[in-house]
Amino acid sequence: MSSHIESFDDPRQQGKCTYTLHDTVMSAFACMYFQDPSLVQFQKRLERKYQRSNLNTLFRIKETPKDNQMKDILDTIDSECFAPVFKDYFERLRRHHHLQSFEVLPGKLLCAIDGTQYHSSKSVHCDGCLTKQHRNGEITYNHAVLQGAIMHPSQRQVIPVMPEAIKNTDGAKKQDCEMNAAKRFVKRLKKAHPRQSFIICGDGLMSKQPLIESTLAEGFSFLFMAKKDDHKYLYDWLAAYESLSSQSYTDEKDVTHQFSWQNDVPLHGGEKSIHVNYLEYRQIKKGKQTYLGSWVSDIEINKDNVIALAKAGRCRWKIENECFNSLKNQGYEVEHNYGHGHENLSYNMYLLTLLAFFYHQIFELTDGAYQQCRQEYGSKRFLWENFRVTIRYVLFDSWADLMTHLLTDHEITEEAYYRP
Ligand SMILES: [Zn+2]
């Protein structure tokens, strides 16, 4: 991370800069990383005592700017500077074979996409803000992104990729929307990872011909949810078959999994309708239907891939649950604290939060000491609480030293810690 930031373009006049861009970005990142707004305060205290702090040792920061200076500088940084960081960490995971366990079909990674809002205000706004007029005339101003993340049904971690901002641009008559951002997103994904094969997975909103065509044009596959209300023609067409291809099994918990499919059906009744392959997945427990999902895809469905595809389609919820929910509620608090700025502040803060989340996912996937800490401390919440408290008072030379310390001096149990 630190070395990437070194290469960022600094838009400021050099003579006037008190703090380097590197130190500014890394300071903000460190706060997100430890999810601690008072991080800097405590590190200044360490610095007075030891002439060094954990910000120097763990993040290679020489001098930390004050909060408002930090925001002013972050506001000016071009958000695109962060794209190579996402790309590089993805490539490192790939090179070290950590992505293999994410393949949902041989060689193919599932990239789920969805829109999410990270800033909303009734007063502060800019030209890029999306606007929403309410019935009483009030206007809400929003910033949002189309986020993508690699996921797998049996992997707890998700791997975020560089998102696409959903924002208005000068001169455009219509507001930007999730669908247009999704088209730009697949182009960006291809450019960043030209040799990787992806299945783009999205909700019912995405199962429209223009996005399907954009996805196929990049050489990707798609797996988009299909709903009866949106695809009446398709469902009428399916109803005309006496029966669809199907198979089922019952698992050890007595849940029955039923899969049915039909290849080569038209998506809609229009003249140039694309043909898609339709898949349905039903779960039944004690005679009751507990889940029903249906998708369309370009991948030809057969007995060998139907289960993998259905489970892949179903695990799309992880982008909502494991990614957005974590960013909003699990300590990262992406919607709070940081403000709108004049140019890029809110988006850069979103990206730094996402990168901190990405780092934590990488630790869980690849770092043996971190995995050991997780096991030792039980919950993630308790482990990070210990990280935060420990670095307030003890100086460490490296992240590895911090973890060794936590593994050797571990006395308080989670239960005792949280007991009122
Ligand atoms: Zn704005």
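Here the contact order of the chain, divided by its residue count and restricted to Cα pairs under 8 Å and six or more residues apart, works out to 17 percent.
Remark: the range 375-380, residue by residue, has Karplus-estimated 3J(HN,Hα) of 5, 5, 9, x, 8, 5 Hz, where x stands for each Gly or Pro and the curve is 6.51 cos²θ - 1.76 cosθ + 1.60 at θ = phi - 60°.
Compute the Cα gyration tensor for the range 221-304, then decide on rounded, prolate or oblate, letting a ≥ b ≥ c be the square roots of its eigenvalues: rounded whenever a/c is under 1.5, prolate when a/b is larger than b/c in the other cases, and oblate in all that remain. Show your work: numbers first, answer last.
Details: a/c = 2.27, a/b = 1.92, b/c = 1.18.
Note, shape of the range 221-304 comes out prolate.
Helix 178-192 and the longest principal axis of the C-alpha atoms of the chain enclose an angle of approximately 70°. Counting only alpha carbon atoms, the long axis of helix 67-76 and the longest principal axis of the chain meet at about 50°. For the options K66, K253, K87, a Gaussian network treatment of the chain with springs between C-alpha atoms closer than 10 Å singles out K253 as fluctuating the most. Spatially, the range 263-301 and the range 196-227 are offset by 14 Å when compared through their Cα centroids. Going by alpha carbons, how many degrees (0 to 90, nearest 10) lie between the helix axis of 39-50 and the longest principal axis of the chain? On a 0 to 90 degree scale, this one is about 30.
Just from its helices, what would the mean residue ellipticity at 222 nm be for the chain, if runs of 4 or more DSSP H residues each count -39500 (n - 2.57) and the sum is divided by every residue, rounded to the nearest 500 deg cm²/dmol?
Numbers: 16 runs with 167 residues, N = 420.
So the calculated ellipticity at 222 nm is -12000 deg cm²/dmol.
Taking θ as phi - 60° and the Karplus parameters 6.51, -1.76 and 1.60, the scalar couplings of the range 313-322 work out to x, 5, 6, 4, 4, 4, 5, 6, 7, 7 Hz in sequence order, x denoting glycine and proline.
Rounded to the nearest whole Hz, the Karplus-based 3J(HN,Hα) values (6.51 cos²θ - 1.76 cosθ + 1.60, θ = phi - 60°) of the range 238-247 follow the sequence 5, 5, 6, 6, 4, 7, 8, 4, 7, 7, with x at glycine and proline.
Restricting attention to the range 217-318, which GluC sites (Glu not before Pro) occupy a DSSP loop and are surrounded by at most 12 other Cβ atoms within 10 Å?
Values: sites: E218, E242, E252, E271, E280, E300; in loops: E218, E242, E252, E271, E300.
The qualifying sites are E242, E252, E271, E300.
Which of the peptides 143-155, 390-402 is most tightly packed, and how do the rest follow, going by the mean number of other Cβ atoms within 10 Å of each residue?
Numbers: 143-155: 21.8, 390-402: 15.3.
In decreasing order of mean packing, 143-155, 390-402 become 143-155, 390-402.
Between amide H atoms placed 1.01 Å from N, distances below 5 Å from F222 occur with I200, D298, I299, all of them 5 or more places distant or on a separate chain.
How large is Rg/Rh for the range 1-85, to two decimals, with Cα atoms and a Kirkwood Rh?
Numbers: Rg = 12.7 Å, Rh = 13.3 Å.
The Rg/Rh ratio comes out at 0.96.
Pop out the carbon and sulfur fraction of the accessible area of the range 1-117 as a percent, whole number, probe 1.4 Å.
Details: 2730 of 5770 Å².
Answer for the range 1-117: carbon and sulfur cover 47 percent of the accessible area.
In the chain, the ratio of gyration radius to Kirkwood radius, Rg to Rh, stands at 1.01 when only Cα atoms are counted.
Once the C-beta distance of E376 and K191 is scaled by a Förster radius of 41 Å, the resulting FRET efficiency is 0.50 to the nearest 0.05.
Taking a point 7 angstrom from the Cα of N302 along the C-beta vector, which residues in the range 96-112 have backbone N less than 14 Å away? Answer for the range 96-112: 106.
The values are calculated or read from the model by the stated rules, or taken from the named source; none is laboratory data. Keep in mind the model is a prediction, meaning the values are calculated, not measured. For neighbour counting, all protein chains shown are included, and Cβ atoms are generated from backbone atoms with ideal geometry for every residue, glycine included. The protein model used for the area step is the full one, side chains on, heavy atoms only, and it has no ligands, DNA or RNA in it. Shrake-Rupley method; radii C 1.70, N 1.55, O 1.52, S 1.80 Å.
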